[in-house]
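Asker: Got a structure for you, questions after.
Rule-based calculations on the coordinates, nothing more; no lab input. Since this is a predicted model, take the numbers as computed values, not measurements. Please note: Cβ atoms are built from the backbone with ideal geometry, for glycine as well, and neighbour counts cover all protein chains shown.
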Amino acid sequence: MSQFWSPAVRALTPYVPGEQPRERLIKLNTNENPYPPSPAIEQVLQAFAVGHLRRYPDPESLALREALAKTHGVEPEQVFVGNGSDEVLALAFQAFFCQPKPLLMPAISYSFYPVYCKLYDIHYRTVALDDRWQIALKAFDADNGGVVFANPNAPTGHGHPRQAVAQLLERIIESVVLVDEAYVDFGGESVVPLIADYPNLLVAGTLSKGRSLAGLRVGYAIGSRELIEGLERVKNSFNSYPIDMLASEVAIASLEDESHFKACCEQVIATRERTRQQLEAMAFEVLPSQTNFLFVRHPRHSGASLFSGLRERGILVRHFNKDGLSDFLRISIGTDDEMGSLVEALQAIL
Ligand code: PMP
């Protein structure tokens, strides 16, 4: 605490990201992709004219927005970009959810959402998950100041099909519905095609997970022109240049290499399902996952004891000590070798 902080800053409880350890650990705690990004990026970086860095980048990020628009079958005016989807989400909360009515979100979802609410003084209400740990879309009341959820959800891993989200959008027409698709590349069904029918739908996405570019910090949102314009108003009141020149070129090269992206995601999915079987054979309960992580618990071992047992064996996973989640571990999908080490370590602990 400092006397110099504004009163609002004193009251904040910032989000705590998963640890980025300095030692060499098998790192399965922040849902990074275990495979490198497109090899085409190497050439882009080598060919980059360093002298260009003298100038500011394009404040509109038009080339990147065009590439994303092409990838997702929309117009560039329906695409917004930012420094990671965390930034895009933060700007969206400010642009759409500072409303008299409360924002609705699942009781268990990305833990950054309540942090943004505190930052912007947004009143919110949570909706309990159903008894299968799935987001209860039907329980979202139509009278609200906005809706946000991750689909597939984190840290639980379940994704609703597009049709289920369309049903929600049939009921909720007066506020913005923000669907965070950070993990959609690992078997989820994107709701981007619904944007043509629902002007209040905003879809957030990232290059951090499926495209192995967490270090680059490029995220985006896709929605109707009016929603994108709302985001631009906030962004242009905050930071004119969230995407630097290098990030833009690297992101475009990644978007142009569909086959590398698809192959890496398929590999992650195959490893995930093999790991599921191995964990189930060890009596773990493994929630269905359409993401690059598994959410698991063991009937006889606490989440905390498994977490520390793995840590002692050089394996880092994520343990959430809250919200009825403390029995679970969230395990990111690594390479086959890394997951082999995980299974061996768990066998030793059990
Ligand atoms: N949404 C969800 C559900 C996430 O888990 C994450 C990653 N922590 C993000 C958004 C943000 O990802 P990024 O800022 O790297 O795009």
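Asker: Which FRET efficiency value, to the nearest 0.05, do you get for Lys70 and Ala49 by plugging their Cβ-Cβ distance into 1/(1 + (r/R0)^6) with R0 = 30 Å?
Answerer: 0.80
Asker: Please sort by residue number the GluC sites (Glu not before Pro) in the stretch 1-74 whose DSSP state is loop and whose Cβ has at most 15 other Cβ atoms within 10 Å. Don't skip to the end; give the middle numbers.
Answerer: Values: sites: Glu19, Glu23, Glu32, Glu42, Glu60, Glu66; in loops: Glu19, Glu23, Glu32, Glu60.
Hits after loop and neighbour filter: Glu19, Glu23, Glu60.
Asker: So for Val44, Val191, fewest C-beta neighbours within 10 Å to most, what's the order?
Answerer: Val44, Val191
Asker: Need one number: % antiparallel among DSSP beta bridges in the chain, to the nearest 5.
Answerer: Values: 18 of 33 bridges.
Close to 55 percent.
Asker: Between Glu266 and Ser240, what is the spin-label point distance in nm, taking each point 7 Å from the Cα along the Cα→C-beta axis?
Answerer: 4.5 nm
Asker: Suppose every Lys and Arg Cβ carries +1 and every Asp and Glu Cβ carries -1, with no other charges. What dipole size does the chain come out with about its Cα centre, to the nearest 20 debye?
Answerer: Value, rounded to 20: 920 debye.
Asker: Pick out which of Thr156, Thr271, Thr13 has the largest mean-square fluctuation in a Gaussian network model of the chain, springs linking Cα atoms closer than 10 Å.
Answerer: Looking only at Thr156, Thr271, Thr13, the largest GNM fluctuation is found for Thr13.
Asker: Given 0.36 nm per residue, what is the gain on full extension from Tyr120 to Arg162 after removing their alpha carbon distance, in nm?
Answerer: Contour length minus Cα-Cα distance gives 12.1 nm.
Asker: Oh, and also: Mind grabbing the base-10 log of I(q)/I(0) for the stretch 160-249 at q = 0.25 Å⁻¹? Debye formula, identical points on the C-alpha positions, no solvent, two decimal places.
Answerer: -1.27
Asker: Sticking with this structure for a sec: Counting alpha carbon pairs within less than 8 Å and at least 6 residues apart, what relative contact order, in whole percent, applies to the stretch 87-228?
Answerer: It comes to 20 percent, rounded to a whole number.
Asker: Right, next: What longest range of the chain stays clear of loop-exposed chymotrypsin sites (Phe, Trp or Tyr not before Pro) (DSSP non-H/G/I/E/B, at most 15 other C-beta within 10 angstrom)?
Answerer: With a cap of 15 other Cβ atoms within 10 Å, the longest stretch comes to 49-237.
Asker: Quick one: longest stretch of the chain between exposed loop trypsin sites (Lys or Arg not before Pro), exposed meaning at most 10 other C-beta atoms within 10 Å and loop per DSSP?
Answerer: Answer - 133-299.
Asker: Moving to a separate point now. Would you compute, for the Cα atoms of the chain, the largest minus smallest coordinate along each principal axis and list the three values in descending order, in whole Å?
Answerer: 54, 52, 51
Asker: Take the Cβ-Cβ distance between Ser326 and Met1 as r, set R0 to 25 Å, and report the resulting FRET efficiency rounded to the nearest 0.05.
Answerer: Plugging the Cβ-Cβ distance into 1/(1 + (r/R0)^6) gives 0.35.
Asker: Hey, another quick one. Compute a Gaussian network model of the chain, connecting alpha carbons closer than 10 Å, and tell me which residue from Leu168, Leu178, Leu207 fluctuates the most.
Answerer: Among Leu168, Leu178, Leu207, the largest GNM mean-square fluctuation belongs to Leu168.
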